[in-house]
Amino acid sequence: MYNSFYLNPYLYNPAEAATDYAYVFANYRKQWLNLEGAPTVATLNYNTLIDNSRAGIGLKLSSYSRGLLNTSEAVVTYAHGVVLNPENILYFGISGGGSSSMIDINKASDPNDPALANYPSGFRPSANFGIRLASQSGITLGAALPQLFGSVYSLEQPSKTGLVPFDNMIFTFSFKRKLESRIVTRSSRGVSTRKKSAGGNAPLELYALYRYAAAGNNQFEAVAKFNLSSNFWLGAGYRQQYGLIGSVGVQVDRFIFAYSYEPGTQPVNGFSAGSHEVQLGLRIGGEKKFKIKAPVFRSTLGTEVVRHNPRYHEKTVDDEEALRDEDKKRYYVYVKTFTEFDKAEDFKKKLIAQKYNGQIYFYPKNKQYYVYTFETTKISEANEEMKNLKSYTKLKEAKVLTVIDK
């Protein structure tokens, strides 16, 4: 577990490898200070978006010591993003590598204990998988399977490793809203100047995490991060079964420092000096923005529009039916219908002013004037154009009209 996971969520979810900047983080956690054999965790990781593409990569090295047992792990990560719409991106991430565990005989009270000699050591495969849904609203939802491989009980092979993807799961929620830079007017000694304000994050960020374990001991935790300035923050949280968490952090240029403390953590309250965690971060290079492939609009001015005298027939477009009668049908992406020609003409002019191919068709059967922007003989092109208009423009009412030629 990590108290500063909100700064470095890649520790929990490989889908977080695709970030706006390249980062290097070093994390050290000493749990239950002054208690002999208490867990100690150290991690070093790197992750970045690849040249503004939809892919991210990462590398994580970790060491976990508890009592006589030391476990080291190394994994590499690949993450990929899928644009659902201009507001939401879905990321997938998977990590693979290996781990090894060793017994420190020098710490044992009885080095000749047969149980120590028979403890299974050596290389074991390590892998994890995660997804993340990021919204422009600032809300991010995540789910991760942190341990795809684990120990499987077997009489023949007590140390057998098998696939156990759902034995442990992590679910996350965060609200982190970015503030856009803007031009502001500032006065000093009677002189007003206009300057561009710095961007950054909103004063309050919220995070929640839930761990599920098939063996029991499920756990919930929540953290609130208060950005007192663009360089300084305080954090307060609560972890189920452990208690309160406090944290503080600063960022100076590209360098990040964070410290967190758990006073009197359970179940060793009164026996330890609490748990301490330090995290150092380095931001490398410039910002890398996730590029969303620009849609190809066929409704804009410059696209040739074929005119003809059609007979109109409006209905729900069925792809299979369209293929059977492709030689008889044309498809129009229209935006609005009117009963009066003057109103249709005014709306067409507005579309043209917005650089769209505005055209009008009259449907004698219902005496409606259809204002359309694109015509094609291919249903796939019509549906794609309708989807693009709805997703990337203000023409949210775009529909497809089927026209049967005489």
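The values are calculated or read from the model by the stated rules, or taken from the named source; none is laboratory data. The model shown is predicted, which means the values in this text are computed figures rather than measured ones. Every residue, glycine as well, gets a Cβ built from its backbone with ideal geometry; the counts of neighbours run over all protein chains shown.
For region 326-406, list the strands (runs of 3 or more DSSP E) that sit wholly inside it and hold at least 3 residues that are within 26 Å of Leu84 (Cα to Cα) and modelled with pLDDT of 85 or more; which are they? Working first, answer last.
Details: elements: 329-338, 359-363, 368-376, 399-404.
Filter on region 326-406 gives 329-338, 368-376, 399-404.
Conditions tested, residue by residue: (1) at pLDDT 90 or above; (2) surrounded by 14 or more Cβ atoms within 10 Å (Cβ to Cβ); (3) within 12 Å of the chain's Cα centre (by Cα).
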site	(1), (2), (3)
Pro114	no, no, no
Arg124	no, yes, no
Phe129	yes, yes, no
Leu133	yes, yes, yes
Ala143	yes, yes, yes
Gln147	yes, yes, no
Gln157	no, no, no
Lys160	no, no, no
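If you take the residues of region 67-86 that are outside any strand (DSSP E or B) and out of contact with any strand residue (DSSP E or B) (no Cβ under 6 Å at 6 or more places or on another chain), which of them is farthest from Asn27 (Cα to Cα)?
First, pick out the residues of region 67-86 that are outside any strand (DSSP E or B): 67-68, 86.
After this cut, where a residue has to be out of contact with any strand residue (DSSP E or B) (no Cβ under 6 Å at 6 or more places or on another chain) as well, the list is 67, 86.
Working: Gly67: 20, Pro86: 35 Å.
Step by step, filter region 67-86, then rank; the result is Pro86.
How do the pairs read when you match residues in region 226-254 that are loosely packed, with under 12 Cβ neighbours inside 10 Å with residues anywhere that are in a strand (DSSP E or B), using Cβ under 8 Å and keeping only pairs 6 or more apart or on different chains?
Close Cβ pairs (under 8 Å, with a partner that is in a strand (DSSP E or B)) amount to Leu228/Leu234.
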